[in-house]
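Contents: one structure, followed by commentary.
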Amino acid sequence: MKISELMRYVLGISAAIVLTACGGGSQPSLLSGPIQESPAESELSMPALGHHPNLSVGAFVNAVQPHRRQSWMLPEAKKDTLLYISDYGSGNIYVYAHPFSPKSVTLVGTIKESGEPAGECVDKAGNVWVANLASGEGRITEYAHGGTRPIKILQDTGYRPLSCSVDPTTGNLAVTNFSANSGGQGNVLIYAHAVGTPKSYEPPSMYFAYFSAYDDAGNLYVDGENQYGYFEFAELPNGSSTFENILLSPIISIPGGVQWDGKNVAVGNQDSLNSTIYLMRFSGSKATLKGTVILDNGEDVAGFWIQKLAKGMDVVAPAQGNTAGSRVFFYNYPAGGSPKQTLTGFKTAIGAAVSTVRTGNM
């Protein structure tokens, strides 16, 4: 189920609650969540070492891995830069080494989550956080670089967390809750230093909270929708206790990811055959469009990731997709255009994050 479909599903739940309260007909269980098909048997089999079975460029088969139903990771993965892709549809997080080298992209592990892994973020230690969107499974899980077992789990009872971001100035963890399990309003939680009991925020007019990002000054930006499905965008300035609404000039149909690229806040629009990223700068409540990145063939790109490379930058764009299935594209950033690399074969790829080797990872 794509994010846009999830929103319609939750809106249906809200309508069902109103109808029931007004004496309407019987409704299905409000806590059952969206129906999700079990992955096919073939998709439970792990691909060959050093090769994703649907990697479209530059990968080679080196050896055969046994059939696996548990999480696994090659020991040498800790020594490499790793790309984590959340496949909401299968419940798996796929981990790749050498993600920006087309001739050596290597599947080095799979983390099997119970529920629906969604948006991801990375802290200063290189640990990866994953939001779990499944109804009744509300939590945010932390994995060490190259690890398969959780090193921390933050409970988010009663909500459906869609994404997260880490404040580089404090280590605080922000979590966007798409909605309540009941279909009620979502919110934004901030866990001080990524521990303990979070503080809850409800950005003005925002009913469904989608994605978020901190800039290098500790300002938090969140996109979402109001209860009628119209785009909303808000900022929590560093040191403030109140979100402020910001009107963006680009017309965004369905909120996509939000990322800080070092100069601009990159805001995604996923409602297109070619999803778009808008590069925004802010001064108070004033927003200025600084550029547009068109992701050719990127259907319904949700939680993208911008990565600085030795030369230039790339954007990794999980595309939930329609016509050709779910894929993950790599684009030059901020040029966009045609993808230079593609991974295919996912059920519903939705989140991406890159963890680099740092002190303490080895």
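The values are calculated or read from the model by the stated rules, or taken from the named source; none is laboratory data. Every value quoted in this text rests on a predicted model; they were computed, and no experiment measured them. Using ideal geometry, Cβ is built from the backbone for each residue, glycine included, and neighbour counts are taken over all protein chains shown.
Residues are listed down the side, and each one gets a yes or a no for (1) surrounded by fewer than 17 Cβ atoms within 10 Å (Cβ to Cβ); (2) out of contact with any Phe, Trp or Tyr (no Cβ under 7 Å at 6 or more places or on another chain); (3) modelled with pLDDT under 95:
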{"residue": "74", "(1), (2), (3)": "no, yes, no"}
{"residue": "88", "(1), (2), (3)": "no, yes, yes"}
{"residue": "94", "(1), (2), (3)": "no, yes, no"}
{"residue": "103", "(1), (2), (3)": "yes, yes, yes"}
{"residue": "108", "(1), (2), (3)": "no, no, no"}
{"residue": "119", "(1), (2), (3)": "no, no, no"}
{"residue": "135", "(1), (2), (3)": "no, yes, yes"}
{"residue": "159", "(1), (2), (3)": "no, yes, no"}
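Being under 16 Å from residue 121 (Cβ atoms) and acidic (Asp, Glu) narrows it down to one residue among 216, 271; which is it?
216
Report yes if residue 179 is polar (S, T, N, Q), part of a strand (DSSP E or B), buried (at least 22 other Cβ atoms within 10 Å of the Cβ) and touching a helix residue (DSSP H, G or I) at 6+ places or on another chain (Cβ under 7 Å), otherwise no.
So residue 179 fits the description; yes.
Taking the conditions exactly as written (farther than 27 Å from residue 92 by Cα, at pLDDT below 95 and among the aliphatic types (A, V, I, L, M)), does residue 335 satisfy them or not?
In short, no.
Starting from residues that are part of a strand (DSSP E or B) and out of contact with any His (no Cβ under 8 Å at 6 or more places or on another chain), keep the ones in segment 349-362 and report whichever is surrounded by the most Cβ atoms within 10 Å (Cβ to Cβ).
To start, the set of residues in segment 349-362 that are part of a strand (DSSP E or B) comprises 349-355.
Adding the requirement that they be out of contact with any His (no Cβ under 8 Å at 6 or more places or on another chain) leaves 349-354.
Working: 349: 29, 350: 31, 351: 29, 352: 25, 353: 22, 354: 21.
Per the stated criteria, the residue is 350.
From the set of residues in segment 275-300 that are among the charged types (D, E, K, R) and in a strand (DSSP E or B), which is surrounded by the fewest Cβ atoms within 10 Å (Cβ to Cβ)?
Going residue by residue through segment 275-300, those that are among the charged types (D, E, K, R) are 281, 286, 290, 296, 299-300.
Filter again for in a strand (DSSP E or B), leaving 281, 286, 290.
Working: 281: 14, 286: 9, 290: 14.
Per the criteria, the residue is 286.
In this structure, is residue 125 within 28 Å of residue 3 (Cβ to Cβ) and either of a type in the set (Gly, Ala, Ser) or surrounded by 20 or more Cβ atoms within 10 Å (Cβ to Cβ) (or both)?
no
Please work out which residue is nearest to residue 119 (Cα to Cα), limiting yourself to segment 76-86 and to residues that are in contact with a His (Cβ under 7 Å, 6 or more places away or on another chain) and buried (at least 21 other Cβ atoms within 10 Å of the Cβ).
Looking at residues that are in contact with a His (Cβ under 7 Å, 6 or more places away or on another chain) and buried (at least 21 other Cβ atoms within 10 Å of the Cβ), I get 82.
Would you say residue 303 is modelled with pLDDT of 95 or more, more than 21 Å from the chain's Cα centre (by Cα) and closer than 19 Å to residue 83 by Cα?
The answer is no for residue 303.
Can you run down the residue pairs with Cβ atoms below 6 Å, 6 or more apart or on separate chains, where the first is in segment 298-324 and under 20 Å from residue 3 (Cα atoms) and the partner is of a type in the set (Lys, Arg) and assigned to a loop (DSSP other than H, G, I, E, B)?
As it stands, the answer is 300/2; 320/2, since those pairs meet every condition given.
Is it true that some residue in segment 190-205 is part of a loop (DSSP other than H, G, I, E, B), free of Cβ contacts under 8 Å to residues at least 12 places away in the same chain and closer than 18 Å to residue 270 by Cα?
no
Which of the residues belonging to segment 211-226 are in a strand (DSSP E or B) and farther than 14 Å from residue 186 by Cα?
Of everything in segment 211-226, those that are in a strand (DSSP E or B) and farther than 14 Å from residue 186 by Cα turn out to be 213, 214, 220, 221.
Considering segment 227-245 alone, what residues qualify as being under 20 Å from the mean Cα position of the chain (by Cα) and not in a strand (DSSP E or B)?
Correct list: 229 only.
Could you list, in sequence order, the residues of segment 308-348 that are over 16 Å from residue 272 (Cα atoms), in a strand (DSSP E or B) and not aromatic (Phe, Trp, Tyr)?
Listed by number, the residues that qualify are 308, 313, 314, 315, 316, 332, 341, 342, 343, 344, 345.
Looking at the structure I just gave you, is residue 359 of a type outside the set (Gly, Ala, Ser), more than 30 Å from residue 144 (Cβ to Cβ) and modelled with pLDDT under 95?
Considered against the rule, which asks whether it is of a type outside the set (Gly, Ala, Ser), more than 30 Å from residue 144 (Cβ to Cβ) and modelled with pLDDT under 95, residue 359 comes out as no.
Of everything in segment 230-243 that's surrounded by fewer than 15 Cβ atoms within 10 Å (Cβ to Cβ) and of a type outside the set (Gly, Ala, Ser), which residue is nearest to residue 204 (Cα to Cα)?
Only one residue fits best here, namely 242.
Go through segment 225-249 and count every residue that is under 20 Å from residue 3 (Cα atoms) and in contact (Cβ under 8 Å) with a residue 24 or more places away in the chain.
7
So which residues in segment 62-72 are modelled with pLDDT under 95 and polar (S, T, N, Q)?
Residues satisfying the conditions are 62, 65, 70.
Name the residues in segment 89-134 that are more than 18 Å from residue 357 (Cβ to Cβ), among the charged types (D, E, K, R) and in a strand (DSSP E or B), would you?
112
Just the residues that are closer than 17 Å to residue 254 by Cα and either buried (at least 24 other Cβ atoms within 10 Å of the Cβ) or polar (S, T, N, Q) (or both), please, taken from segment 301-333. Walk me through it before giving the result.
As a first pass, look at segment 301-333 and keep what is closer than 17 Å to residue 254 by Cα: 301-304, 317-322.
The answer is 301, 302, 303, 304, 317, 318, 319, 320, 322.
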